[in-house]
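Just below is one structure, and these are the notes that go with it.
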Amino acid sequence: MKKLILVFSTMLLMLGFTTIVKADETITFKVNGNAACKTQIEALVTGVQGVTSAVWDATAQKITIVFNSTTVNKDKFYVVLAEGGYDNEELHA
C-alpha cells in the first residue's frame, strides 16, 4: 500500500511539474510603429501580468512575447496595444 501511495504521489508531482514547464508560450505578430515607439510598445506588453519578456523589432514591425499561458490569454496583447494607440494584426487603434 505504501508503494502504491508513493508511486501515485510521484506521478502527481511529475504531472504538476510538466504543467508548470509547458505554461510558457511565445507569440510573434505585427505591430505598427516607428523606432521611437519601441520602449512604449514593449512597456505596454510587459505591464500585463504573466508576461516574461517582450521585444519589438522596429525594422520588421513585429513583437515577440514570452508569457505564461495559464495567467494571460494572447488576445489580451492585441487589446492592450490597440488601446495604447498601436495598430496590430488583429485590432486597429
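Where a number appears in this text, it was derived from the coordinates with a stated rule and is not lab data. It should be emphasised that the depicted structure is a prediction, and the values quoted were computed from it without experimental measurement. Please note: Cβ atoms are built from the backbone with ideal geometry, for glycine as well, and neighbour counts cover all protein chains shown.
Observations, loosely collected:
- Phi-based couplings in Hz for the stretch 88-93 (Karplus 6.51, -1.76, 1.60; Gly and Pro marked x): 9, 5, 10, 9, 9, 5
- The string of couplings for the stretch 70-84 from the Karplus curve (6.51, -1.76, 1.60, θ = phi - 60°) is 7, 9, 9, 8, 4, 5, 4, 5, 4, 5, 4, 5, 5, 5, x Hz, one whole number per residue in order, with x for Gly and Pro.
- Rg to Rh, two decimals, where the stretch 41-92 supplies the alpha carbon set and Rh follows Kirkwood: 0.93
- Working from label points 7 Å from Cα in the Cα-to-Cβ sense, the T46 to E83 distance is 2.0 nm.
- Note, ³J(HN,Hα) from phi for the stretch 54-69, Karplus 6.51, -1.76, 1.60, rounded to Hz, x at Gly and Pro: 8, 10, 9, 9, 5, 5, 7, 6, 10, 10, 10, 10, 10, 8, 8, 6
- Anchor K76: aspartates and glutamates whose Cα lies under 18 Å away (excluding residues fewer than 8 positions away in-chain): D24, E25, E42, D87, E89, E90
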